[in-house]
Amino acid sequence: SQQGEEDPQALSIQEGENATMNCSYKTSINNLQWYRQNSGRGLVHLILIRSNEREKHSGRLRVTLDTSKKSSSLLITASRAADTASYFCATVGTGANSKLTFGKGITLSVRP
Amino acid sequence: GAVVSQHPSWVICKSGTSVKIECRSLDFQATTMFWYRQFPKQSLMLMATSNEGSKATYEQGVEKDKFLINHASLTLSTLTVTSAHPEDSSFYICSAYSDTDTQYFGPGTRLTVL
C-alpha cells in the first residue's frame, strides 16, 4: 500500500522559479526521503530527513518535515530545465524493517 | 560510491518463458536488497525484500512461485519472472542498502512480454 501522497500531481514552472512539492503520509515514520526519477530511469536519492528533524538543506534543495501534520515539503530553488523529472517521497516506518513506502509522485516540468 | 547495477537494462521475451534479472551492488556489500515494480506513470510498488542467505520476504499479493528471488552473495540478488505473461510487462527496479539509511537504486530493467 502507498503511504505518501504528493501534491500537486503535476507542476509546470519557468526556469529560475522555485518549485514546491508537498507530501503527506499516514503512519509514524523513522525517516522520510525524497527521490528523483528521470523518464524510464532508476531513482536518484535526493535527501533524507529523520523524524526528529524539522528542516534540511542540500544545495538548491530544502526539505521540511512536520510530524504533527504528517507532512513534508521539498523546495527546489532557482529551478533548471535539467530538474525536469518525477519526484517521489518515500517513508520508512518505525518498525524493525527498513522498507520504503513510496507516494504516487509529482511530475515537474521546468520550461527553459 | 554506492552504485547499484542491473542487467539486462531491457528484455523482450515470448509469453511462457522465464526471465532472470540481476541486481549487483558494485562497491559495497548489501545484506538487504529490495525489488520493486513500476507500471507506466505510476509509483514504485515493493514486491519483496531479499536477504542474503535466507528466503525473500514477499509483499501481500506477490506470487512467490512466479517471482523467484535469490540473494546468494552480499553483492548479488536475482529476480526470475517465471512463465512470463504480457501482464508481467513492467519496469523492475532493485535497490540495496549501504551502511546508512539510504537505499541506492539500480537503473531498472524494462520487461516486455509478447
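Quick note: the coordinates plus some simple rules give every number you see, no bench work behind them. All values reported here derive from a predicted model rather than from experimental measurement. We place every Cβ from the backbone using ideal geometry, glycine too, and count neighbours over all the protein chains shown.
Counting only residues 5 or more places away or on other chains, whose amide H sits under 5 Å from the amide H of A:LYS104 once H atoms are built in the peptide plane?
The list, which skips near neighbours in sequence, is A:GLU6.
Note down the net charge around B:PHE91, summing +1 for each Lys or Arg and -1 for each Asp or Glu among other residues with Cβ under 10 Å from its Cβ. Don't skip to the answer; put the middle values down first.
Details: positive: A:ARG41, B:ARG37, B:ARG110; negative: none.
Local charge sum for B:PHE91: +3.
Taking H as built 1.01 Å from N, whose amide H comes closer than 5 Å to the amide H of B:MET47, not counting residues under 5 places away?
B:TRP35, B:TYR36, B:ARG37
Order of A:CYS89, A:CYS23, B:CYS13 from fewest to most other C-beta atoms within 10 Å?
Details: A:CYS89 30, A:CYS23 27, B:CYS13 16.
In order of increasing Cβ crowding within 10 Å: B:CYS13, A:CYS23, A:CYS89.
Can you tell which of B:LEU68, B:ALA56, B:THR112 lies farthest toward the positive end of the dipole of chain B, using +1 and -1 charges on the Cβ of basic and acidic side chains (Lys, Arg; Asp, Glu)?
Going by the Cα projections, it comes out as B:THR112.
Go through A:TYR87, A:SER71, A:LEU48 and say which Cα lies farthest out towards the positive end of the charge dipole of chain A; charges sit on Cβ, +1 for Lys and Arg, -1 for Asp and Glu.
A:LEU48
Treat the count of other C-beta atoms within 10 Å as a stand-in for reagent exposure and order A:SER24, B:SER50 from fewest to most. Spell out each step's value before the answer.
Details: A:SER24 17, B:SER50 26.
Least to most surrounded, the residues fall as A:SER24, B:SER50.
Most exposed first by the Cβ proxy, i.e. fewest other Cβ within 10 Å, how do A:HIS57, B:HIS71 rank?
By the 10 Å Cβ count, ascending: A:HIS57, B:HIS71.
Cα gyration tensor of the protein assembly as shown, axes a ≥ b ≥ c as square roots of the eigenvalues: rounded (a/c below 1.5), prolate (a/b > b/c) or oblate?
Details: a/c = 1.90, a/b = 1.47, b/c = 1.29.
Prolate, since a/c reaches 1.5 and a/b exceeds b/c.
Taking only pairs that are 8 or more places apart or on different chains, how many Lys pairs in the protein assembly as shown have Cα atoms under 14 angstrom apart?
Numbers: A:LYS26/A:LYS69; A:LYS26/A:LYS70; A:LYS26/A:LYS104; A:LYS104/B:LYS41; B:LYS20/B:LYS66; B:LYS55/B:LYS64.
Close lysine pairs under the 14 Å cut-off: 6.
Give the long-range amide H neighbours of A:THR84: residues separated by 5 or more places, or on another chain, with amide H under 5 Å away, using H modelled in the peptide plane at 1.01 Å from N.
Here A:VAL110 satisfy the definition.
Give me the dipole magnitude in Debye, nearest 20, for segment B:1-54 about the Cα centre, with unit charges on the beta carbon: positive for Lys and Arg, negative for Asp and Glu. Let's see the in-between values first.
Numbers: 5 positive and 3 negative charges, 64 e Å.
Result for segment B:1-54 is approximately 300 debye, rounded to the nearest 20.
Through the Karplus equation 6.51 cos²θ - 1.76 cosθ + 1.60, θ set to phi - 60°, convert the phi angles of segment A:97-112 into ³J(HN,Hα) values in whole Hz; use x for Gly and Pro.
Going residue by residue, I get 7, 10, 5, 8, 10, 8, x, 6, x, 10, 9, 9, 10, 10, 7, x Hz, with x marking Gly and Pro.
How high is the FRET efficiency between B:SER15 and B:LYS55 when r is their beta carbon distance and R₀ equals 30 Å, given to the nearest 0.05? All intermediate terms of the calculation are to be shown ahead of the outcome.
Details: r = 28 Å, r/R0 = 0.93.
E between B:SER15 and B:LYS55, to the nearest 0.05, is 0.60.
Quick one: putting +1 on the C-beta of Lys and Arg, -1 on the C-beta of Asp and Glu, what dipole do you get for segment A:23-77 around its Cα centre, in Debye to the nearest 20? Mind showing how you got there, number by number?
On the way: 10 positive and 3 negative charges, 17 e Å.
Using only the charged Cβ atoms, the result is roughly 80 debye.
What list of ³J(HN,Hα) couplings, whole Hz, do you get for segment A:57-70 from phi and the Karplus terms 6.51, -1.76, 1.60, once you set θ to phi - 60° and write x for glycine and proline?
Values per residue, Gly and Pro as x: 10, 8, x, 8, 9, 9, 10, 10, 9, 10, 6, 5, 9, 6 Hz.
Would you calculate the separation in nanometres between label points at B:ARG110 and A:ARG60, each defined as 7 Å from the Cα along the Cα-to-beta-carbon direction?
2.7
Nothing charged except the Cβ atoms of Lys and Arg (+1) and of Asp and Glu (-1): what's the magnitude of the dipole of chain B about its Cα centre? Round to the nearest 20 debye.
Working: 9 positive and 10 negative charges, 73 e Å.
With Lys and Arg at +1 and Asp and Glu at -1, about 360 debye.
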